[in-house]
Amino acid sequence: MAWLINSMESHISLTYLFLRTAKTIWDAVNKNYSDLENVSQVFEIKNKLKDLRQGSMDITAYFNELQMLWQEIDLHYEADWEGLEGNQKLKKHLEKERLYEFLARLNRELEEVRRRILGHRPLPSIDDAFDEMRREASRDGLCSVKRRNTLLYLVVINLLKPWL
């Protein structure tokens, strides 16, 4: 019980100091401060997800941002499924929807990899798709650096030709 009280800011913990059990404290704090049923917060997260694009972010930053928003939205959902099978179906459906969401908002330069991933049967997990995208993006990054260096070399050689 002490760890629960000590983890709060002092002006908040004073309110709960004389409650007798950790469960009583937890329930009271949950009732007063929980945002899990905050519909406007869910709406805000959904809008952030809708508007999120890779844009100037690297693939890892983009994926981490998506993951953070998905985890936040998951906190707000209470799934009371009858049995394990319903829960597994929901998780599988969510995984597929999130894979589509991840792939749909990537930059156009990754179109070829996106098509390749969507061609897999069965579809890969979101983590496997991210891993493939990340490897491809880093490989392309290295290739584009080599191309730029080669072009720079050719420009310099052409500029120096009169003196060679």
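Bear in mind these aren't lab numbers, they're just calculated from the coordinates by the rules spelled out. All figures in this text were calculated on a predicted structure; none of them were measured in a lab. Note that each Cβ is placed from the backbone with ideal geometry, even for glycine, and that neighbours are counted across all protein chains shown.
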### Distance histogram for the range 47-133 (every C-alpha pair counted, 10 angstrom bins, percent rounded to whole numbers)
15, 47, 29, 9, 0
### Task
Sort the following peptides by mean Cβ neighbour count (other Cβ atoms within 10 Å, averaged over residues), highest first: 65-72, 115-122.
65-72, 115-122
### Summary
Taking 38-50, 127-139 and ranking on average Cβ neighbours within 10 Å, highest first, one gets 127-139, 38-50
